[in-house]
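Worksheet: one structure, shown below.
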Amino acid sequence: MKRPSIILPLLAAAALAAGAGEPAPSAPVWKDGLAALGSVRVDPATRTVLATGWVNQVSGAIELLACGKGGKTHESVFVLDLHPLDLQTGLLLLGLEPGTPPAGLGQPGASGPALEIWVDWEFKGKRRSLPAEQFILNVERNRGLKKVPWLFTGSVIEEGEFKALAEESLVVTYWDPWAIVNIGDPAGSNDEVLVVNKKTVPPLNTPITMRFRPRETRR
């Protein structure tokens, strides 16, 4: 396996995507201090990557926090409207180095820079914001997740294909070696214990903004 790095030419990545029949990723365009990568925005000043999407699931078991439009929408809380490589490149632009993916589906071994992920939305004209883990309930423990790190494991290029394109698994709650971000919680080994927290999730199809940033060491 060969991992994309900061020096991976975007033109080469675009060629890989085109070869796989996927839309090509975007070269960064800088304006007013922000880098735009397709629909992804990168703010170096606050070390934040922003992506937009919507609420996809309001109840039931999940394997993902967020997938792409062509991903596993039957088990993902949110859908993000982006090219997967744009998300990974955005995190790289923050100066983060991807870690190590898990050994396989549901298998241990995930490591990487810890992220905090926030979800913003509007409800009745008021802006709301919650850490991503608060939308998830552990039925085995009968409680929500608290202060969970999200690990930038990074997806990989294998046999000429950027694997996050294959299933558009972006941020997963069930450990996945092809995902860009894996949950840093032991529950990631079990695809039956994490469900949508119906008490916190916004209504179905609510537009959201997802914010990724390095986790503060004091948390």
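A few remarks follow.
- Taking the 1.4 Å solvent-accessible surface of the chain as the whole, the part contributed by carbon and sulfur is 53%.
- Rolling a 1.4 Å probe across the protein heavy atoms gives the chain an accessible surface of 46 Å² per residue.
- As computed over the stretch 38-122, the Cα convex hull volume per residue (Å³): 118 Å³
- Mean separation of Cα pairs under 8 Å and 6 or more residues apart, divided by the residue count, gives the chain a relative contact order of 26 percent.
- Rg to Rh quotient for the chain, alpha carbon positions, Kirkwood Rh: 0.94
- Packing order of peptides 74-82, 133-141, highest average first: 74-82, 133-141 (average count of other Cβ atoms within 10 Å over each peptide's residues).
- Relative contact order computed over the stretch 117-219 (Cα-Cα under 8 Å; 6+ residues apart), in percent: 31 percent
- Selected from ARG47, ARG143, ARG127 as most flexible by GNM, with the chain as the system and alpha-carbon contacts under 10 Å: ARG127
- Of LYS31/LYS147; LYS31/LYS72; LYS31/LYS146; LYS126/LYS147; LYS69/LYS124, pairs whose Cα-Cα distance is over 31 Å: LYS31/LYS147; LYS31/LYS72; LYS31/LYS146
- Anisotropy class of the stretch 67-180 from Cα gyration tensor, a/c 1.5 cut: prolate
- The stretch 21-86: proportion of alpha-carbon pairs further apart than 20 angstrom, %: 37 percent
- Net length gained if the chain between THR73 and TRP54 were fully extended (0.36 nm per residue, minus Cα distance): 5.7 nm
- Rg then Dmax, both in Å and based on the Cα atoms of the stretch 118-195: 14.7, 48.
- In nm, spacing of pseudo-spin labels at LEU204 and ALA61 (7 Å Cα→C-beta vector): 2.0 nm
- Relative protection proxy for 32-42, 49-59, 170-180, from highest mean packing down: 170-180, 49-59, 32-42 (other beta-carbon atoms within 10 angstrom).
- Cut-off 19 Å (backbone N to label point 7 Å along Cα→Cβ of GLU97), residues of the stretch 144-160: 151-157
The values are calculated or read from the model by the stated rules, or taken from the named source; none is laboratory data. Bear in mind the structure is a predicted one, so any value in this text is a computation, not a measurement. Counting neighbours? That spans all protein chains shown, and the Cβs are built from the backbone with ideal geometry, glycine included. Accessible surface areas use protein heavy atoms only, side chains included; no ligands, DNA or RNA. Shrake-Rupley method; radii C 1.70, N 1.55, O 1.52, S 1.80 Å.
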